[in-house]
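Data block below; observations after.
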Amino acid sequence: MQVNNCVTDAETHIGFLRYKAFTRQTTSHGFSVPRPVSLVNVAVKRHYPALNPPIYSPAASLTASEWSTEMPFWPSRIDSIVKRVTALAAIAAFAVAAEAGPREQAKRMHDRIAGVPPADTVLNAMETEIAAGRIQAAALLAMDHPAFYAVTLKNLVAPWTNRDQTVFVPLNDYTATVIGMVRDDVPFNELLSGDILYVGNAGLGLPGVSATSNTHYEQIETRGIDLRTGLVRTTQSGVYGTPPAATAGVMTSRAAAQAFFVAGTNRAMFRFTMLNHMCRDLEEVQDTSLPPDLIRQDVSRSPGGDARLFLNGCVGCHTGMDPMTQAFAYYTYDEAQGRLVYTGGAVQPKYFNNDTTFAFGFRTPDDRWENRWRRGQNTLLGWDPALPGSGSGAKSLGQEFGNSDAFATCQVEKVFRTVCLRTPTDTADRNQIGSMTSSFRASGYRLKQAFADAATYCMGD
């Protein structure tokens, strides 16, 4: 039925508009002009042939004045299109709810996992699997599409790799490593601790992998190499020369170092690891009841001359954060070299920045860390009782995070949003998150399992 196609098409285009809407194009004027990918143009033209939004073709070129005039209106215009397509999908869904069969479910599942319509042969195979009750097998067929890796996974991971949390970044070692881990069913709780790196296959004629350049990964993307076959697993220690004990999964990737170990005090690495992999920002875990003895010297105990600001505000984050950011004491990103630097046994000078702000504060002696959130309100993050809750270096801290309940639930929630195109909203959704988290762990932390579970839940009745 035409209306069935309308539902699934609309849902696909909503996903593209929200998550995959733009690629970048450099014009003759030197501007980096965002333009929708082709399917967004298809969505607009298909559903609103009379609508004339400022959607640029691959050959579009703007003058500087046109760019400055048009750019501010992009968010509202795209949002308007999203709302109209959403309304269309909602109306059509009512019309077909009772008629959705295995074929409609298969198409919806493929659209949401891969972000593109399936080939007829794939659709037929998925329909057969769903009709036979082998729903997860159908989901795995959808995951075999190249776009699942190059688009869905890349756009899921890319915001984790930068402080702006934008998808508008090239493929890098962080993103490629996550994609490879998902493809190969590597236990995802090793994400923050493993000596793992995925690189392009040596037979592809790519520039060599470098600790000082991202060219290798940019070429993988520029050449459109199929990530299902083009990535191979290796080690950070073997490629970058980082001591194996100092590797900590994606936290010690070049991309993460460039974003979160550069300058500053290395607290950025902690904050964004919490945000990206525990789904908690610091304001959500602050606890003013913990002792302040490990808060560093650069934190004023009376900001603005008022100690109450420290006791009721600053202390809430720093009492938990500072004892754990000791794990990063030997790491920095050298901007001149463009690489991660590890100085085992020697604390980075950045840890002593502004050490006269409160001279009696804690002065970092080494990379020993302690998780004080194992007591108090943040026990709710579900720390693994089999682990000691303390250690030395980033690897052991990554194990502490990666084996927590919060880490597992966070990955599942992100997959749910990606596949279902919404956040969990009601009791049924929250129960589903709990079930998916249990399944994710029982599968050996296979992220494909979470995608399959989410696709099954959101494929429609």
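Couple of notes before you dig in:
- 3J(HN,Hα) along segment 305-320, derived from phi through the Karplus expression 6.51 cos²θ - 1.76 cosθ + 1.60 where θ = phi - 60°, amounts to x, 10, 5, 5, 5, 5, 5, 9, x, 3, 4, x, 8, 5, 5, x Hz, with x in place of Gly and Pro.
- Volume of the Cα convex hull of segment 274-315, divided per residue and given in Å³: 92
- Amide H contacts under 5 Å for Tyr198: Thr177, Thr234, restricted to partners 5 or more places along the chain or on a different chain, H placed in the peptide plane at 1.01 Å from N.
- Scalar couplings 3J(HN,Hα) for segment 423-437, obtained by applying the Karplus form with A = 6.51, B = -1.76, C = 1.60 to θ = phi - 60°, are 7, x, 10, 9, 4, 4, 5, 5, 5, 5, 4, x, 5, 5, 5 Hz; x denotes Gly and Pro.
- Residues of segment 184-218 with amide N under 17 Å of a point placed 7 Å along Cα→Cβ from Asp226: 184, 200-205
- Calculated diffusion of segment 270-396, Stokes-Einstein form, Kirkwood radius summed over Cα pairs, 10 °C and 1.306 mPa s, µm²/s: 102
- Whether segment 247-326 is rounded, prolate or oblate, judged on the alpha carbon gyration tensor where a/c under 1.5 counts as rounded: prolate
- This ranking places His277, His216, His110 by how few other beta-carbon atoms lie within 10 Å of each, fewest first, which gives His216, His277, His110.
- Under a 5 Å amide H cut-off, with hydrogens placed 1.01 Å from N, Arg339 pairs with Asp334 among residues at least 5 apart or on other chains.
- Gyration tensor (alpha-carbon) shape descriptor, segment 94-216, a/c threshold 1.5: prolate
- Kirkwood Rh and Cα Rg combined as Rg over Rh, evaluated for segment 150-245: 0.93
- Toward the positive end of the charge dipole of segment 403-461, with +1 on the Cβ of Lys and Arg and -1 on the Cβ of Asp and Glu, the farthest Cα among Met459, Cys420, Tyr445 is that of Tyr445.
- Derived scalar couplings between HN and Hα for segment 153-165 equal 5, 4, 6, 5, 8, 3, x, 6, 9, 8, 5, 7, 6 Hz in order, rounded to whole Hz, by the Karplus curve 6.51 cos²θ - 1.76 cosθ + 1.60 (θ = phi - 60°), x for Gly and Pro.
- Local electrostatic count at Asn403 - Lys and Arg +1, Asp and Glu -1, tallied over other residues with Cβ under 14 Å: -1
- Projecting label points 7 angstrom from Cα along Cα→Cβ for Gln337 and Thr215 puts them 1.9 nm apart.
- Only Lys, Arg, Asp and Glu carry charge here, each on its Cβ (+1 for the first two, -1 for the last two); on that basis segment 262-403 has a dipole of about 100 debye about its Cα centre.
- Across all directions, the shadow cast by the convex hull of segment 331-426 built on its C-alpha atoms averages 10.3 square nanometres.
- Averaging the Cα positions of each part gives two centres, and for segment 211-231 and segment 314-340 these lie 29 Å apart.
The numbers here are math on the coordinates, done by the rules we state, and not lab data. Computed from a prediction, not measured in an experiment: that's the story for all the values here. For neighbour counting, all protein chains shown are included, and Cβ atoms are generated from backbone atoms with ideal geometry for every residue, glycine included.
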